[in-house]
Amino acid sequence: MRGRFDIGIIGGGIIGMALARALAKRGAKVAVIDAGATIPAATNAAAGMLAPSFECGGATTQSLQHFSMASLAAWPTFAASLEEETGIEIDYQNNGILGVFYDDIEWSKARKTCENLRQRGSAVDVMTGEEARRIEPALSNKVIGAMHARQDGQVDPRKALIALRAGFAKTKGEAIAGRVVQVSREEGGYILETDQGDHIAASKIVLASGVAAKTALIPGLEPPPIFAVKGDAVALSIPDNLLRKVVRAPGAYLCPKAGRRLVIGASEAPYCEDLTVDQSATDGLVRNGTRAVPALRNVDVTERWAGLRPATPDGAPLLGRDPDGPEDVFLALGHYRNGVLLAPESAEVLAEELIGSGAVRSATMEAFRPDRFRQIQQARQCRV
């Protein structure tokens, strides 16, 4: 037996590690079992945008917007405390995001979007292309207008994950490399067996393994409605201060990182699990980025990669216990494009539900309950 733990988290990406940190701070002994490489696929695909003003949509728009704004507000403290605990800089920036537009139709839609976002409490402004170029002089003259989300930002997800792992290593918990191949019930909890031959006892389980979670693993738990959305991305080496903040343009978002690194993302290929980099997709990202910032025409590509985002039918996460599933099994899945943004708040609400005072879920969290799609199907059947 490798050990006995209060909670076993299956999956060591940014969601799983943020949750492990939140649980450890509450005194829990946690095991994180991770089958991924140093950078798990979903985290590797991320550019690290913290962009609720641009990313929220789908059937749970209001709930997702509220949850996203709460998590954005948590990021300054989350980032500062993580850096202080570990001494690792994670390149957190909260200097805003510019969404730029080239034609009147899209610009008109953006102004309406901006007004809706303001009514929900987002700090967003509209501006002309000239005003946008005063903020980012490298923007093309083709930009006729922009939406500036002043409180949105970004972080380097790879550095954040490294810091989360380093911080977790200082707790009484344990990170265990391996793929969980079997879960069995025992009195007072579960036994998790890995492909490395380890056996881990845990009173409770959290499934945070991204796209891999769609495979049936835990007896009595219906496979979650997760599907993969492949994303290709590219990194360039740029001159100092070419861009100061994230620029979201049609067909590309440009995220300037420390060390003159610019990440441009990301393509979307639903239901594709092939991690082979699509050269044509990354070339298209560079072209679209260059349309927004012509100075990129002559810079070097330093890296291309692909990753898998775990998505759900409505684009919102699955958080908490499935009422139709086994006791003491919880889900932290389906964050899709917003895993980095939602990590702090997801960790806090789940930690409270697991070992805190979160027995009564908020209306917002009800929107993310894992059985919501079955509820919708049952309601439809009742109306027939």
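Residues in the range 11-61 that are part of a loop (DSSP other than H, G, I, E, B), at pLDDT below 70 and within 22 Å of T194 (Cβ to Cβ): A37, T38, I39, P40. Taken over the range 223-233, the criterion of being touching a residue at least 24 places away in the same chain (Cβ under 8 Å) and either touching a Ser or Thr at 6+ places or on another chain (Cβ under 7 Å) or closer than 22 Å to N298 by Cβ (or both) is satisfied by P225, I226, G231, D232, A233. Of the listed requirements (1) free of Cβ contacts under 8 Å to residues at least 12 places away in the same chain; (2) surrounded by 14 or more Cβ atoms within 10 Å (Cβ to Cβ); (3) assigned by TED's automatic domain parsing to the domain that holds V246, V126 misses just one: (1).
Any residue in the range 245-261 that is of a type in the set (S, T, Y), modelled with pLDDT of 95 or more and closer than 27 Å to K159 by Cβ? Taking every residue of the range 245-261 in turn, at least one turns out to be of a type in the set (S, T, Y), modelled with pLDDT of 95 or more and closer than 27 Å to K159 by Cβ. Taken over the range 298-322, the criterion of being over 30 Å from K204 (Cα atoms) and part of a strand (DSSP E or B) is satisfied by D300, V301, T302, E303, R304, W305, A306. Entry remark, the range 276-304: residues being more than 29 Å from P137 (Cα to Cα) and of a type outside the set (D, E) number 3 in total.
Could you count how many residues in the range 195-212 are among the polar types (S, T, N, Q) and either in contact with a Pro (Cβ under 9 Å, 6 or more places away or on another chain) or modelled with pLDDT of 95 or more (or both)? Selection size over the range 195-212: 2. Contact map, the range 265-278: residues that are touching a residue at least 40 places away in the same chain (Cβ under 8 Å) paired with residues that are assigned to a loop (DSSP other than H, G, I, E, B) and surrounded by 12 or more Cβ atoms within 10 Å (Cβ to Cβ), Cβ distance under 6 Å, separation 6+ or inter-chain. Pairs shown: G265/A47.
In the range 143-183, what residues are of a type outside the set (A, V, I, L, M, F, W, C) and in a strand (DSSP E or B)? Across the range 143-183, the qualifying residues are G145, H148, G153, Q154, E174, Q182. Being closer than 30 Å to T290 by Cβ, in contact (Cβ under 8 Å) with a residue 60 or more places away in the chain and of a type in the set (V, I, T) is a property that I162 lacks.
From the list L236, L243, the one residue that fits, being part of a strand (DSSP E or B), in contact with a strand residue (DSSP E or B) (Cβ under 6 Å, 6 or more places away or on another chain), among the aliphatic types (A, V, I, L, M) and touching a residue at least 12 places away in the same chain (Cβ under 8 Å), is L236.
Of all residue pairs spaced 6 or more apart or on separate chains, those with beta-carbon atoms under 7 Å, a first member in the range 205-216 that is in a loop (DSSP other than H, G, I, E, B) and surrounded by 24 or more Cβ atoms within 10 Å (Cβ to Cβ) and a second member that is modelled with pLDDT of 90 or more and aliphatic (A, V, I, L, M) are A208/I9; A208/I10; A208/I15; A208/L19; A208/A332; A208/L333; S209/I10. Contact map, the range 305-318: first residue surrounded by fewer than 23 Cβ atoms within 10 Å (Cβ to Cβ), second residue assigned to a strand (DSSP E or B) and among the basic types (K, R), Cβ cut-off under 9 Å, separation 6 or more or different chains; pairs are A306/K230. State which residue is nearest to Y102 (Cα to Cα) when the search covers only the range 246-264 and only residues that are assigned to a loop (DSSP other than H, G, I, E, B) and in contact (Cβ under 8 Å) with a residue 12 or more places away in the chain. Once the filter is applied, the top-ranked residue is P250. Note on the range 96-142: among residues that are more than 27 Å from the chain's Cα centre (by Cα) and assigned to a strand (DSSP E or B), the one that is nearest to F67 (Cα to Cα) is M127.
Every test in (1) in contact (Cβ under 8 Å) with a residue 12 or more places away in the chain; (2) closer than 19 Å to A249 by Cα is passed by P137 save one, and that test is (1).
Close contacts from the range 43-65, counting a first residue that is acidic (D, E) and a second that is at pLDDT 70 or above, with Cβ to Cβ under 8 Å and a gap of 6+ residues or different chains, come to E55/M49; E55/S68; E55/R337; E55/N338; E55/L341.
The values are calculated or read from the model by the stated rules, or taken from the named source; none is laboratory data. Being a predicted model, the structure only gives us computed values, none of them experimental. Virtual Cβ from ideal backbone geometry, glycine too; neighbours counted across all protein chains shown.
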